[in-house]
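The values are calculated or read from the model by the stated rules, or taken from the named source; none is laboratory data. In this text the structure is predicted, and so the values were computed from the model without any measurement. Positions of Cβ are generated from backbone atoms using ideal geometry, with glycine treated the same way; all protein chains shown enter the neighbour counts. Accessible surface is based on the protein model in full, side chains and every heavy atom, while ligands, DNA and RNA are left aside. Shrake-Rupley method; radii C 1.70, N 1.55, O 1.52, S 1.80 Å.
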Amino acid sequence: MEIIKDTQLLIDRIQVYKSEGRSIGFTPTMGALHSGHISLVEPSLAENDISIVSIFVNPTQFNEKSDLAKYPRDLETDAKLLEKAGVDILYAPTIDGIYPDGSDYKVQLDLGEMVRVLEGEHRPGHFEGVLQVVKRLLDIVEPNHLYMGQKDFQQFSLIQAMISKLNLEVKLRVCPIKRAANGLALSSRNRRLSKEGTLLASIIHMTLTHIKNHFQEKSVEEWKAWAMENLSNEWSDPEYFEFSDGFTLANVIDKENHNYIVASTAVWIEKVRLIDNMIIKKVD
Ligand code: AMP
């Protein structure tokens with residue numbers, strides 16, 4: 001595996017691959033890698049000639065500067081994991097390499113309510129930063145396939161909307177959520193939880209699973225109230241719990257009016273903000 005930090009060097013290399021007709025799979029990450037990230041890399045390796053993973057802790061998507069400062073960084077360990085997985089190139093750019101003209105601009109795209117609900121409501125500016133960095137990375141890497149996780153449901157939904165609206169050539173592949181044995185969704189942020197906090201955090205998955213298994217028994221309003229209460233105790237504090245249409249991310253009021261429903265939540269445990277979601281209903 002080659003580690004490329006220089007953006008121009010990567011662009012030159014990609015031009016060679018393109019001229020040789022080789023397909024490129026791309027997985028953008030912010031590092032502190034875990035097996036959830038590797039589960040995106042595996043289909044990339046299977047479906048493409050060249051697999052590229054980026055590690056870039058994008059400052060423009062952090063609405064809290066302290067969260068950015070605390071974000072775990074460990075390039076050496078990450079590189080070993082990716083090498084073992086069989087990745088061809090690890091792209092680890094500098095901030096200047098991604099934003100040579102500064103980052104004071106937005107992708108000009110109106111995604112309407114989709115960008116303002118859920119995480120968008122609770123983390124103002126977050127998705128503007130995500131769209132900005134993913135668009136920039138796609139312009140640099142020009143992949144055939146882009147790999148993202150269902151773990152960030154709203155994120156992949158917005159990226160899919162951006163791809164469609166801008167007619168980008170890339171095809172998005174969404175991979176299922178990888179969980180620990182106790183159900184906790186794997187996340188780089190889990191590193192900041194104590195052993196006890198990691199165990200207690202299984203309440204999030206338990207709550208989502210219970211709702212999925214008993215969805216018919218209560219209305220959406222009743223389930224929301226139940227979930228908020230179930231997730232509230234001395235050691236956990238839910239920021240929101242919401243049911244959304246899986247296609248549009250519009251709030252679900254009457255569950256009978258939607259064929260595709262996702263439940264999403266953000267929960268604070270030990271000062272760590274954990275997000276999770278589950279597809280509660282999908283009629284094919
Ligand atoms: P991040 O490094 O957190 O920005 O995540 C990079 C990519 O990995 C995103 O597309 C995430 O949705 C995905 N991802 C993160 N955690 C998981 C997980 N537990 N299972 C599957 N994909 C994940």
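So that you can scan it fast, the table gives a plain yes or no per residue for (1) touching a Lys or Arg at 6+ places or on another chain (Cβ under 6 Å); (2) at positive phi; (3) touching a residue at least 40 places away in the same chain (Cβ under 8 Å); (4) of a type outside the set (Asp, Glu):
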| site | (1), (2), (3), (4) |
| --- | --- |
| 168 | no, no, no, yes |
| 204 | no, no, yes, yes |
| 237 | no, no, no, no |
| 250 | no, no, yes, yes |
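Which residue is farthest from the ligand (Cβ to nearest atom), if the candidates are limited to region 60-78 and must be open to solvent by less than 40 Å² (accessible area, probe 1.4 Å), within 16 Å of residue 133 (Cβ to Cβ) and touching a Gly at 6+ places or on another chain (Cβ under 8 Å)?
Among those residues, the one meeting the criterion is 60.
Can you find a residue in region 156-165 that is free of Cβ contacts under 8 Å to residues at least 60 places away in the same chain, near the ligand (Cβ under 10 Å from one of its atoms), outside the structural domain of residue 238 (by TED's automatic domain parsing) and of a type in the set (Val, Ile, Thr)?
yes
Suppose we keep only residues that are more than 11 Å from the ligand (Cβ to nearest atom) and assigned to a helix (DSSP H, G or I) within region 140-155. Which one would you say is farthest from residue 88 (Cα to Cα)?
The selected residue is 140.
Taking the conditions exactly as written (farther than 27 Å from residue 11 by Cα, assigned by TED's automatic domain parsing to the domain that holds residue 23, within 18 Å of the chain's Cα centre (by Cα) and not β-branched (Val, Ile, Thr)), does residue 113 satisfy them or not?
no
The rows are residues; the columns are (1) touching a strand residue (DSSP E or B) at 6+ places or on another chain (Cβ under 9 Å); (2) away from the ligand (no atom under 16 Å from the Cβ).
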| residue | (1), (2) |
| --- | --- |
| 170 | yes, no |
| 175 | yes, no |
| 192 | yes, no |
| 200 | yes, yes |
| 205 | yes, no |
| 219 | no, yes |
| 227 | yes, yes |
| 252 | yes, yes |
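Being touching a Lys or Arg at 6+ places or on another chain (Cβ under 7 Å), closer than 17 Å to residue 170 by Cβ and of a type outside the set (A, V, I, L, M) is the filter; apply it to region 39-53 and report the residue that is farthest from the ligand (Cβ to nearest atom).
Here the residue is 49.
Among the residues of region 260-274, count how many are touching a Gly at 6+ places or on another chain (Cβ under 8 Å) and open to solvent by 40 Å² or more (accessible area, probe 1.4 Å).
Qualifying residue count for the region: 1.
Among all residue pairs at least 6 apart or on different chains, which show Cβ distances below 6 Å where the first residue, located in region 131-149, is over 21 Å from residue 6 (Cα atoms) and the second is among the basic types (Lys, Arg) and within 13 Å of the ligand (Cβ to nearest atom)?
Cβ pairs passing all conditions: 145/173; 147/173.
Hey, among 172, 137, 131, which residue is outside any helix (DSSP H, G or I) and under 30 Å from residue 9 (Cβ atoms)?
On inspection, the qualifying residue turns out to be 172.
Name the residue, out of 198, 265, that is without any contact (Cβ under 8 Å) to a residue 24 or more places away in the chain and either β-branched (Val, Ile, Thr) or on the phi > 0 side of the Ramachandran plot (or both).
That would be 198, the only listed residue that is without any contact (Cβ under 8 Å) to a residue 24 or more places away in the chain and either β-branched (Val, Ile, Thr) or on the phi > 0 side of the Ramachandran plot (or both).
Does residue 253 satisfy the criteria of being touching a helix residue (DSSP H, G or I) at 6+ places or on another chain (Cβ under 8 Å) and either surrounded by fewer than 16 Cβ atoms within 10 Å (Cβ to Cβ) or charged (D, E, K, R) (or both)?
yes
Among the residues of region 15-28, is any surrounded by fewer than 13 Cβ atoms within 10 Å (Cβ to Cβ), at pLDDT below 95 and more than 14 Å from the ligand (Cβ to nearest atom)?
For region 15-28, residues surrounded by fewer than 13 Cβ atoms within 10 Å (Cβ to Cβ), at pLDDT below 95 and more than 14 Å from the ligand (Cβ to nearest atom): absent.
Name the residue that is nearest to the ligand (Cβ to nearest atom), counting only residues in region 106-128 that are assigned to a loop (DSSP other than H, G, I, E, B) and in contact (Cβ under 8 Å) with a residue 60 or more places away in the chain.
It comes out as 123.
Hey, among 131, 137, which residue is at pLDDT 95 or above, in contact with a Pro (Cβ under 9 Å, 6 or more places away or on another chain) and closer than 26 Å to residue 55 by Cβ?
137
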